[in-house]
Amino acid sequence: MKLLLDHHLSHKLVTKLADIFPGSTQTRLLGFTRMRDLELWFYARTHGFIFVSKDKDLVDIAILRGAPPKVVWLKMGNCTVAVVEKALRRNQQAIEELAADPNRIILEIFE
C-alpha cells in the first residue's frame, strides 16, 4: 500500500514512513508543484495510490467521483513532520482497513 502525500505535507515523510508505506511519494518529489487537485486525484487513481491530504477539496472530489483513489484526510492544523508521522503510524491499521474495504472512500484522522 503506497501513499501519495499532498503538497501541504512534507516530502520528508516519504523516507520516514518507508518501512510501513513503501513506494509512497509526495507531489513535490514528482514535480507537481502547480498541479490542480483534480489532476492529482487522477494521478493517484492511475498509479494506485491512497491520497493523503489536509485539503477538503480532495475529499469533495473523492465523494463526487468515488474510489479509487481512496483519501486519508488529515484534519490537523499546522504541525510538525513528527506529529504527522506519528498520526499516520498510529493509524496504519485503519489505513489498511480503508484500502481493503470496497465501501469506504475516506478516512479522517484527527490530531
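Read the figures in this text as sums done on the coordinates, not as results from a lab. Treat the numbers as computed from the prediction; the structure is a model and nothing was measured. Cβ atoms come from the backbone with ideal geometry, glycine included; neighbour counts cover every protein chain shown.
When only the Cβ of Lys, Arg, Asp and Glu is charged (+1, +1, -1, -1), the dipole of the stretch 2-110 relative to its Cα centre reaches about 220 debye. Full extension of the chain between PHE42 and ARG28 gives 3.4 nm of extra length, using 0.36 nm per residue less the Cα-Cα distance. Based on the alpha-carbon gyration tensor of the chain and its eigenvalue square roots a ≥ b ≥ c, which shape applies: rounded if a/c is under 1.5, prolate if not and a/b is larger than b/c, or oblate? Since a/c stays below 1.5, the shape of the chain is classed as rounded. Taking Cβ atoms as reference points and 13 Å as the exclusive limit, the residues near VAL84 contribute a net charge of +4, counting Lys and Arg as +1 and Asp and Glu as -1.
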